[in-house]
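What follows is a short report on a single structure.
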There are 2 protein chains.
Amino acid sequence: MMNHVSFFIASLVAAFAGFGVVAVLFSKIRALPIVNEDKAREIARAIKVGAMTFLKEEYRIISIIVLPILLILGFWKGIVAAACFFVGAIFSLLCGFIGMNAATDANVRTAIAAKDSGEHAAFSIAFFGGGVMGFSVASFGVLGLGSLVYFFVDSVQFVFYLSAFGFGASLVAFFARVGGGIFTKSADVGADLVGKLEAGIPEDDPRNPAVIADNVGDCVGDTAGMGADIYESYIGSMVSAIVLATTMYHQLSYSTLPIVLSIFGLFGSFLGIVSHGIIRVEPIAMLRNASYIAIAVFGALTFGYMRIMNIGGTFIRGDLFWSVIIGCVAGIVIGLVTEYYTGGAPVKKLAESSQTGAATNIIYGLSLGMESTALPVVILAMGIWAAFVFGGGTFGVSLAAVSMLATVAITMTVDSYGPIADNAGGIAEMASFGKPVRLITDKLDALGNTTAAMGKGFAIGSALLAALGLFAAYCQESGLKALELTQVEVLVGILIGGVMPFLISALTMRSVGDAALKMVMEVRRQFKEIPGLMEGTAPADYERCVAISTKAALREMILPGLLTVALPIAVFYSPLGKEGLGGLLVGSTLVGVLLALMMANGGGAWDNAKKYIEAGNLGGKGSDSHHAAVIGDTVGDPFKDTSGPALNILIKLMSIIALLLVSMGK
Amino acid sequence: MMNHVSFFIASLVAAFAGFGVVAVLFSKIRALPIVNEDKAREIARAIKVGAMTFLKEEYRIISIIVLPILLILGFWKGIVAAACFFVGAIFSLLCGFIGMNAATDANVRTAIAAKDSGEHAAFSIAFFGGGVMGFSVASFGVLGLGSLVYFFVDSVQFVFYLSAFGFGASLVAFFARVGGGIFTKSADVGADLVGKLEAGIPEDDPRNPAVIADNVGDCVGDTAGMGADIYESYIGSMVSAIVLATTMYHQLSYSTLPIVLSIFGLFGSFLGIVSHGIIRVEPIAMLRNASYIAIAVFGALTFGYMRIMNIGGTFIRGDLFWSVIIGCVAGIVIGLVTEYYTGGAPVKKLAESSQTGAATNIIYGLSLGMESTALPVVILAMGIWAAFVFGGGTFGVSLAAVSMLATVAITMTVDSYGPIADNAGGIAEMASFGKPVRLITDKLDALGNTTAAMGKGFAIGSALLAALGLFAAYCQESGLKALELTQVEVLVGILIGGVMPFLISALTMRSVGDAALKMVMEVRRQFKEIPGLMEGTAPADYERCVAISTKAALREMILPGLLTVALPIAVFYSPLGKEGLGGLLVGSTLVGVLLALMMANGGGAWDNAKKYIEAGNLGGKGSDSHHAAVIGDTVGDPFKDTSGPALNILIKLMSIIALLLVSMGK
């Protein structure tokens, strides 16, 4: 039997064990001293200061937006509602903060380890750095939702409290992702435009004034932003599953199931990360093994638990465990499809198209990105169908999302490892650690690119499932008897919803473009006005570049965020009503998922096509093909790291606001 | 009172009066003799031969695809069904054929008129050339559907016959659009890549071996392809409105209303084109006046007719005439929005972004295209809502589509005028008519670019309304009691439907890229192997280039076409059933419209940003900015003239197949 107390204790134990892992990993990273490396230390410090300054400013602006919502919720719906929202938001900020602290400690030590102890040691540090983020996300998620279920599962406001918690997480994630995304890509694009394309100096060259901003960007965008993003997906999938379980089954063992699954996933991830110390193989195999071990352990525990607790019907037909399997398998398959499109034959073809210039490279890259949406979406559609038919209706679909994300600790570890390796390469370059070190960090970085693309495919897949779960919860809660496609309100809602992903992509891409232009002007100015900069005898003014990205990111993240929050509210209170809002969710989810996949895969493919040429193919570095490929990569930057990820959150943020609106009236 | 015979006579009179206009315009064009212009005549002949050869081959392949469908329909559902399909298809081919004949006669005479008689004479010839296409489309549409209604309105198979007719039109249109689109853009992109970017010779320079292929492409893609496209929209909107009227009202005056409206539109268009002889102002004003006169006449006649016939309820509330007004106004407003995004401030900003290179130009162009989807879709959504609420439910929505397209004769005239002016410029350049002549044709061509973008916005807007009308007819006919968004079949259908526009765009863009690569290789080979080519002393081998585009277009159009036809059939007979197919239509329509708008507007803006720089701004021709803008324009080519227009037809083709499938069983 499941009772409140034993469930709560399990949640607490799992969460604090997770925090224990975080502490151990942190201490392992910090155990490596930085001695006699003044240059590297100084660069790492500049990166850390830039990142922390940005994060502080970003959090300040987010607070200004969060505060009035907190007050409204508090006065209108009571202190508990406000507290749920607040905790949801603050946990998200904490994930980003802790993860980024670890990343900025790990990057320089990864570079030093590569220099002093070789590939395995360097890999370990970067991997541990990622682990801090991974286990923080999972532990905060289990702690927050476990407590919420324990204290409020019997409250009539339970759904509303869950939505408020999810809303806090999603809102912060959206700003963190958009702000971080604009920061990182304005710096990256700006640095590339002048550095590689105009001045002809290599990436991460210390003479480039935008180089520190670029590295800061990796931390605030690819680490802190992504942490908040995945945390939000994790919460979103659990919230939708808990709401559906509670309203459909009225049994504690069902309501707690999503969290129990996440606890199993956390334990599996723990064994996955421990495997690193036992099975010592190539880095790529280690990352894979860790993931597969985590998923296998998760699956076995879940199977046993569901049998013992007698949850989910007979195994052969109509069993919820099918949904768990579907979630895990769909996640892996989508990861493999992503790997193919961003690392396989299509990338080679894309590289070859660069031989006739940038125009054909762009045409092929866009075409590749568009094509790459087909398989994942069809796989997901089939998965949704199967989870629905064999695994218990809409609850089955949302349980598939929970399963896909249950091993988030290890997924996120693998994901966060990438930017740390990237940063380590930058530090090694700037601190003149020499060619052999750079080769190691380059290898680790390239590996990170593949895992990042896979992680993105995974994130988008789980986002779709979570959004559909939230949509089902919305329909359930809103008491809509019918949400028919032939109703004009639904059709109008679908159209307006479909526009949003295009609009948000447009806004964020232009923000990156605008900020990159300012960066280019500043870098050009420094090259012209600072004597000795190009010769390497005078240092660049890095802070100015960091300040440009900071300012742009903080200013430009506000409009997309407000639009995303305001639209569902406006539609709900318009004559379109809850039918229109239902349509809006479907339209924005469909278009959002397609665009996000296209952008993630297209961007990843452009990046790797460039790397393929840089590896000496088709004329290698400096050739016309390379020049064309760099243009493609630059276009792909905001695709994969700004606009695409923003859409991921957009669809869940709008869904959770919808759920909040309909559960508010109860 | 309306009776069968008077309606049929009216349709016949209108159609044959329209054919009379076609004959008069043809004779006016041919009245201009080509004397002492051997060079121009020879070039024009080469274009005509290339275009006709392609069309013949294209029609042969379309026949191979059409024939088995014809046989299946004939054996299974009888000779009438087969005949409806056949006539729908053959009228589409005839529109393309007649229109292209006129265009290839008018292009050289426009150039000669510009040389001998000045701007107004040149404008008139191009305008008349467009008019042939415009009035052919309208007359064939009224003739075909008028006869169908007269003969079969009381048949139980009426809806099926209408669908079969529409299917014939849509199927041919899809192949004509995709084939023509791949031809024109492979030639255009190929010519630009080597000509402008590598060899540094201007557009339309006779030394470029791909130059004739480029001009042939204007004829087969922008004229013949577009004619079949707009004819298909025209038919689609009428078919959906007739089906809904017949099943909802069971009155002949309602069933015939869509055709009567089209007759009024045809008459209005006639007055519009006559205005050209009376009000002599600047070309842009003439094009505008003609359109506005046509719409005003159409509106006045429709209002009177609906009052006299007592159709559509009281005027103040719940009147169908509101739908007519909404259709006209939405069409005009979308045209103006398109004009803004492809000719206004955003284009200037796009041109400025070229100053930092191709990458920022592409980022801004994509962002512009994405943003430009918002206003038109929101306007359409509001229009749909208003047409539904104030104008009689789903029939009101489809009547808005009919109204938007009723003045198709003049819309299409304005649209077809553009490529003729473009071609005239090419001929003037190749025949060395000198700078003053080129200035006139350039002015007429630039005007054509704006009208083409407006026409595309219009085409997409009407496509959305027509597709929704067909969707409503599908729901009505399929006897679906409910098509609820919470049904898993519907959701899965929506996801799969959403993938299609991305997949078709990917396939067609890559086809253009592949064919352009082959073209580049061939042009490079000719520059290298034909001595004296670059010096202008030896002629290029134009036929080889035409053959490359022909072969590529014919091969590459087949897969997208078969996919589009097969998918709805597969879904219908799968476990997803008619619910899944309903979802599929909604998903493909939503995503198709958004992508089509983005591609049309983005492509138009890139083209005009390049022209803005070529006019001497931001460094003018040959500057780095210009180089970057040419890359953007090249990316935009398949956007606006291949993939975007294909989507336009895709959504209606799938809808009409769905309607065919459900009405087949009756």
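Read the figures in this text as sums done on the coordinates, not as results from a lab. Worth saying up front: this structure is predicted, and the values here are computed from it rather than measured. Here the Cβ positions follow ideal geometry from the backbone for every residue, glycine too, while neighbour counts run over all protein chains shown.
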Under the rule rounded for a/c under 1.5, else prolate if a/b exceeds b/c, else oblate, using alpha carbon gyration tensor axes a ≥ b ≥ c, the range A:111-204 is classed as oblate
If B:Thr394, A:Thr589 are placed from fewest to most neighbouring beta carbons inside 10 Å, the sequence is B:Thr394, A:Thr589
Surpassing 24 Å at the alpha-carbon level, of the pairs A:Lys185/A:Lys551; A:Lys77/A:Lys578; B:Lys349/B:Lys443; B:Lys348/B:Lys621; A:Lys56/A:Lys611; A:Lys348/A:Lys443, are A:Lys56/A:Lys611
In nm, the gap between the two label points placed 7 Å beyond Cα toward Cβ at A:Ala31 and A:Glu198 is 4.7 nm
If N is the residue count of the range A:133-278, its Cα Rg over 2.2 N^0.38 Å rounds to 1.41
Residues B:Met454, A:Met382 in order from fewest to most other beta-carbon atoms within 10 Å are A:Met382, B:Met454
Here the range A:240-248 yields Karplus 3J(HN,Hα) values (6.51, -1.76, 1.60; θ = phi - 60°; whole Hz; Gly and Pro given as x) of 4, 5, 5, 4, 5, 4, 5, 7, 8
Copies of A:Pro202 compared via label points 7 Å along Cα→Cβ give distances in nm, shortest first, of 4.5
If labels are modelled 7 Å from Cα along the Cβ direction, A:Met382 lies from its partners in the other copies at nm distances, smallest first, of 4.4
Measuring from the longest principal axis of the C-alpha atoms of chain A, the long axis of helix A:558-573 (C-alpha) lies at a number of degrees, nearest 10, equal to 20 degrees
Listed by chain and number, the lysines with an alpha carbon less than 20 angstrom from that of A:Lys28, same-chain partners under 8 positions apart left out, are A:Lys48, A:Lys115
Per-residue average of other protein chain Cβ atoms inside 10 Å, peptide A:376-385 -> 5
Answer in debye to the nearest 20: the dipole magnitude of chain B about its Cα centre, from +1 Lys/Arg and -1 Asp/Glu charges placed on Cβ, is 820 debye
Taking a ≥ b ≥ c as the square roots of the eigenvalues of the Cα gyration tensor, with a/c under 1.5 meaning rounded and otherwise prolate when a/b exceeds b/c and oblate if not, the range A:533-666 is oblate
Here Rg/Rh (Cα, Kirkwood) for the range A:4-664 equals 0.96
Chain A: relative contact order from alpha carbon pairs under 8 Å, six or more residues apart, as a whole percent, is 22 percent
The size of the Cβ-based charge dipole (Lys, Arg +1; Asp, Glu -1) of the range B:437-571 about the Cα centre, to the nearest 20 debye, is 220 debye
Taking a crude spin-label model, label points 7 Å out from Cα along the C-beta direction, the B:Tyr340 to A:Ala615 distance in nm is 4.8 nm
Ranking A:His120, A:Leu585, A:Gly457 by how far each Cα lies towards the positive end of the charge dipole of chain A (+1 on Lys and Arg Cβ, -1 on Asp and Glu Cβ), the top one is A:Leu585
If the chain between B:Lys528 and B:Met382 were fully extended at 0.36 nm per residue, the gain over the current Cα-Cα distance would be 46.8 nm
So, in nm and shortest first, the distances from A:Asn289 to its counterparts in the other copies, with label points 7 Å along Cα→Cβ, work out as 8.2
Counting only residues 5 or more apart in sequence or on a different chain, those whose built amide H sits under 5 Å from that of A:Lys621 are A:Gly616
Label model pair A:Asp154, B:His4: point-to-point distance (7 angstrom along the Cα→beta-carbon line) in nm is 7.6 nm
Dividing the helical contributions, -39500 (n - 2.57) per DSSP H run of n ≥ 4, by the residues of chain A yields a 222 nm value, nearest 500 deg cm²/dmol, of -29000 deg cm²/dmol
In degrees rounded to 10, the 0-90 angle between helix B:408-430 Cα long axis and the longest Cα principal axis of chain B is 10 degrees
Under the rule rounded for a/c under 1.5, else prolate if a/b exceeds b/c, else oblate, using alpha carbon gyration tensor axes a ≥ b ≥ c, the protein assembly as shown is classed as oblate
Relative to chain B, whose Cα atoms define the longest principal axis, helix B:393-406 and its Cα axis are tilted in degrees, nearest 10, by 40 degrees
